[in-house]
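In what follows, a single structure is set out as structure tokens and then discussed.
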Amino acid sequence: MRRTVLAAVFALSVSVLFASASCAQDTSSDKTTLRVLTYNIKRGYGNDRVTDLARTAKVIEASRPDLVALQEVDENCRRSGGVDQARWFGEKLSMHHAFVPFMDYDGGRYGMAVLSRFPITAVDALPLPEGREPRVALVATMELPGEQTLKMINVHFDYISDDQVRFEQAKKVRDAIVSGSDPAILLGDFNDQPHSRTLGLFEEAFVEAKKPEGNRLTYASDDPKREIDFLFAYPAAGESTGKASSGSFAWQIDHVEVIDEPVASDHRPVLSVLRLQTKQ
């Protein structure tokens, strides 16, 4: 694979679709419930060696998500039929979308995407230390009901066995989040497992959406042996954001589920239901 980091890595695509938010909000207590999905879709290429975006879309839609983080997304690549996949999913699911590339590949670009029921007000690509391939984190800013700003950070860390680059990538993401003033959701393919030093970076100041002990493995989808896909919320109870903020925040994890989908990708999707409480 020719690995050329794009000079235009910050040229981003955000949809102009406007979808009504499906989340529940308790306006009397400023609590917002969010259904959040993270899914490494392997560009829609299933374990049956068929590229089928409609099948992937059905998996996503069945979870009724408000926010979705997708890893391994193609934009106009020949191998996946020249489709702008982020835009395709956004239009198919009536959600706002954004895409950031890692690199040029196969006549198009390869990277990651987010989908949102809420307006996306800004998208940034946070460059990460380079390992086997170029990597960035996708940082999407969105406006929740009640004019609350939320950051969602989608990651796909390095996959080589030596964890040094992966650890440095995770450290840069963590530092960026804790220096901000907004509540944040960090999620994606961490390519590392519980009790690793990479995951240890998020043990303090973050709330982990912990999976049920009997249903926590996410890879490989047809015979899962490893837990490498995660979601964390920031800040944890008692923590304050790094910059001056107009309020304080508390996260509660209501539900976490690894979805039993063995064919559509080599990863299983993970659904988390979170509640964000804002105290002014």
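The values are calculated or read from the model by the stated rules, or taken from the named source; none is laboratory data. What you see is a predicted model; the values in this text were computed from it and never measured. With ideal geometry, Cβ positions are generated from the backbone for all residues, glycine too; neighbour counts draw on all protein chains shown. Note: accessible area is taken over every heavy atom of the protein model, side chains too, but ligands, DNA and RNA are not part of it. Shrake-Rupley method; radii C 1.70, N 1.55, O 1.52, S 1.80 Å.
The requirement of being more than 16 Å from Phe230 (Cβ to Cβ), under 18 Å from the mean Cα position of the chain (by Cα) and open to solvent by less than 50 Å² (accessible area, probe 1.4 Å) is not satisfied by Thr198. Residues satisfying the criterion are present in segment 148-160 (criterion: touching a residue at least 40 places away in the same chain (Cβ under 8 Å) and open to solvent by 20 Å² or more (accessible area, probe 1.4 Å)). Checking Asp124, Asp66, Asp162, Asp104 one by one, the residue that is among the charged types (D, E, K, R) and either touching a Pro at 6+ places or on another chain (Cβ under 6 Å) or within 19 Å of Leu276 (Cβ to Cβ) (or both) is Asp66 and no other. Entry remark, segment 26-65: residues being within 19 Å of Asn154 (Cβ to Cβ), part of a loop (DSSP other than H, G, I, E, B) and touching a helix residue (DSSP H, G or I) at 6+ places or on another chain (Cβ under 8 Å) number 1 in total.
Entry remark, segment 56-69: residues being closer than 22 Å to Thr33 by Cβ and in contact with a Leu (Cβ under 7 Å, 6 or more places away or on another chain) number 8 in total. If you go through segment 97-107 and keep only what is open to solvent by 10 Å² or more (accessible area, probe 1.4 Å) and assigned to a strand (DSSP E or B), you end up with Asp104, Tyr105. Number of residues in segment 66-80 that are in a loop (DSSP other than H, G, I, E, B) and closer than 13 Å to Leu115 by Cβ: the value is 1.
Look at (1) closer than 20 Å to Leu34 by Cα; (2) open to solvent by less than 60 Å² (accessible area, probe 1.4 Å); (3) at pLDDT 95 or above and you find that Pro145 fails only one, number (3).
Selection of segment 113-134 for residues being open to solvent by less than 10 Å² (accessible area, probe 1.4 Å), in a loop (DSSP other than H, G, I, E, B) and in contact with a Phe, Trp or Tyr (Cβ under 9 Å, 6 or more places away or on another chain) yields only Pro134. No other residue among Asp74, Asp52 is open to solvent by 10 Å² or more (accessible area, probe 1.4 Å), modelled with pLDDT of 50 or more, within 21 Å of Pro269 (Cα to Cα) and out of contact with any Pro (no Cβ under 8 Å at 6 or more places or on another chain) apart from Asp52.
Every test in (1) β-branched (Val, Ile, Thr); (2) in contact with a Phe, Trp or Tyr (Cβ under 9 Å, 6 or more places away or on another chain); (3) closer than 24 Å to Arg216 by Cβ; (4) surrounded by fewer than 20 Cβ atoms within 10 Å (Cβ to Cβ) is passed by Thr38 save one, and that test is (4).
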